[in-house]
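Have a look at the structure below, then the notes.
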Amino acid sequence: MSVHRVSELFALAYGYRPRAVASAPGRVNLIGEHTDYNGGAVLPIAIAQRTWVAIGSSGGGGEHGRLRSRAVSRERGEAGEWCAGDCRASGVWWDYVAGSLEQAHALGAARDGRDVAVVSDVPMGAGLSSSAALEVATVLAALAADRVEPPLRDVALAAHRAESEYVGVACGIMDQFASALCADGHALLLHCDSRVALDVPFPRTVLIVDTATPRSLRLSAYGTRRSECDAALAFLRSAEPSLASLAQATPELLERAHLPAPLDRRARHVVSETARVAAMVEALEARRPFGALLTTSHMSLRDDYECSTPELDWVVDRSVARAGVDGARLTGAGWGGCAIVVGEEAGLEMLGPELLQGFATAWGRDARVWRTTPHVGARIDLQG
């Protein structure tokens, strides 16, 4: 249905039919928070919500003979315009599109003026990787329009460069890899240091709870935490020069190094969270219970990494120890946004309305909930 809607929006905005439509999903990270940029592993799934991008060649001339590109979004209600090849972000939503088109060109797509239309049901600002879904879908659509077929891994890396180098958000690779590579019914075990990705069967249902607390990595303490982790790694290397990344440190090394506060807590979270990812993969493959790992992860994020909020803690506290619930934790870096509750479909179906009612009473505003199972990653939906 959204293929039709984005094609319709494109035709309405530009007066012709798109050459290609591609889509990519948002994601939730089951476990492995703040390990990606520290050289550790993560375990995300793709969710049902997706972003669709329709694309065509504008043929429009810009200033000084440069080709003009345009973008329109149904959700944003705002159209943008820029000159193709102008690699300067300006703080607007279509920076993500412009940067992604530049990266698509680096993979073999033509450098041309482009017309782009975007339709999405991935919530923005909730920590579900709406930006990564937009980037991945844009790169794939631009390549599909020119019938260039690189591996989806290359699409993910191109989308990551669009966000980190063009938009200027120093994010890890998890979001783009999850959006591009996830398989239906599986979580994606991604080793962020080596970029090795493996599918892990995940038969459970996930309840996503959006606390309606807007968050932005550029405005949160995300950059501060990254700097603290870099400082902790430098400190640890004075005791262990061969240490490749913070995620490879051991609890014994942390104890021996006597890191100063708050670096000790930041490093403790990364090291313990890395161990929890490995333990959860083992539990899933052996079909053993894993819920305590999720809840312990949240406690570490709350206490050691200090990236939770009272609203996220409220959701977790009221979800654990319920019939049909495995565990709960914040997801998507924290400082607002979403929590996840993992368990049986029937149990989560009952829990959702209770959380909505209780949240409105406790916080005076409405939360949102969705249930999802693992979905497929990026795909080409239309190719003319």
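The values are calculated or read from the model by the stated rules, or taken from the named source; none is laboratory data. Since this is a predicted model, take the numbers as computed values, not measurements. Note: ideal-geometry Cβ built from the backbone for every residue, glycine included; neighbour counts use all protein chains shown. Quick note on the areas: whole protein, heavy atoms, side chains included, nothing else; ligands and nucleic acids left out. Shrake-Rupley method; radii C 1.70, N 1.55, O 1.52, S 1.80 Å.
Taking the stretch 271-295 only, how many residues are under 19 Å from residue 207 (Cβ atoms) and either touching a helix residue (DSSP H, G or I) at 6+ places or on another chain (Cβ under 7 Å) or open to solvent by 30 Å² or more (accessible area, probe 1.4 Å) (or both)? Even if it seems obvious, please write down each step before you answer.
Within the stretch 271-295, the first condition is being under 19 Å from residue 207 (Cβ atoms), and the residues that meet it are 280, 284, 289-295.
Retained after the next criterion (residues that are either touching a helix residue (DSSP H, G or I) at 6+ places or on another chain (Cβ under 7 Å) or open to solvent by 30 Å² or more (accessible area, probe 1.4 Å) (or both)): 280, 289-290, 292-293, 295.
Residues flagged as under 19 Å from residue 207 (Cβ atoms) and either touching a helix residue (DSSP H, G or I) at 6+ places or on another chain (Cβ under 7 Å) or open to solvent by 30 Å² or more (accessible area, probe 1.4 Å) (or both) within the stretch 271-295 amount to 6.
Being among the aromatic types (Phe, Trp, Tyr) and in a helix (DSSP H, G or I) is the filter; apply it to the stretch 357-376 and report the residue that is nearest to residue 318 (Cα to Cα). Can you show your working first?
Residues of the stretch 357-376 that are among the aromatic types (Phe, Trp, Tyr), as a first pass: 359, 363, 370.
Still in the list and also in a helix (DSSP H, G or I): 359, 363.
Numbers: 359: 10, 363: 14 Å.
Looking at the filtered set, the residue picked out is 359.
How many residues are within 12 Å of residue 58 (Cα to Cα) and open to solvent by 20 Å² or more (accessible area, probe 1.4 Å) when one looks only at the stretch 12-21? Step through it out loud before you land on a result.
Applying the first criterion (within 12 Å of residue 58 (Cα to Cα)) to the stretch 12-21 yields 13-19.
Narrowing the set further to residues that are open to solvent by 20 Å² or more (accessible area, probe 1.4 Å) leaves 13-17, 19.
Summing the residues that are within 12 Å of residue 58 (Cα to Cα) and open to solvent by 20 Å² or more (accessible area, probe 1.4 Å) in the stretch 12-21 gives 6.
Of the numbered conditions (1) open to solvent by less than 50 Å² (accessible area, probe 1.4 Å); (2) in contact with an Asp or Glu (Cβ under 8 Å, 6 or more places away or on another chain); (3) of a type outside the set (Asp, Glu), residue 73 satisfies every one except a single condition; which is it?
Tallying (1) open to solvent by less than 50 Å² (accessible area, probe 1.4 Å); (2) in contact with an Asp or Glu (Cβ under 8 Å, 6 or more places away or on another chain); (3) of a type outside the set (Asp, Glu), residue 73 fails exactly one: (2).
Considering the stretch 333-356 alone, what residues qualify as being open to solvent by less than 50 Å² (accessible area, probe 1.4 Å) and either polar (S, T, N, Q) or assigned to a helix (DSSP H, G or I) (or both)? It would help to see each step written out before you state the result.
Restricting attention to the stretch 333-356, the residues satisfying the condition of being open to solvent by less than 50 Å² (accessible area, probe 1.4 Å) are 333-343, 347-348, 351-352, 355.
Hits for the stretch 333-356 are 347, 348, 351, 352, 355.
Quick test for you: out of 378, 323, pick the one residue that is open to solvent by 20 Å² or more (accessible area, probe 1.4 Å) and in contact (Cβ under 8 Å) with a residue 12 or more places away in the chain.
On the way: 378 fails: open to solvent by 20 Å² or more (accessible area, probe 1.4 Å).
Of the residues listed, the single one that is open to solvent by 20 Å² or more (accessible area, probe 1.4 Å) and in contact (Cβ under 8 Å) with a residue 12 or more places away in the chain is 323.
Okay, residues lined up against (1) open to solvent by less than 10 Å² (accessible area, probe 1.4 Å); (2) farther than 17 Å from residue 21 by Cα; (3) not hydrophobic (A, V, I, L, M, F, W, C):
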residue	(1), (2), (3)
99	yes, yes, yes
102	no, yes, yes
107	no, yes, no
116	yes, no, no
126	yes, yes, no
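For the stretch 68-97, how many residues meet the condition of being in contact with a Cys (Cβ under 8 Å, 6 or more places away or on another chain) and of a type outside the set (D, E, K, R)? First the steps, then the outcome.
Within the stretch 68-97, the subset in contact with a Cys (Cβ under 8 Å, 6 or more places away or on another chain) is 68-69.
Narrowing further to those that are of a type outside the set (D, E, K, R): 69.
Number of matching residues: 1.
Search the stretch 1-45 for residues being more than 30 Å from residue 231 (Cα to Cα), modelled with pLDDT of 95 or more and among the hydroxyl-bearing types (Ser, Thr, Tyr), and hand back the single one that is nearest to the chain's Cα centre (by Cα).
23
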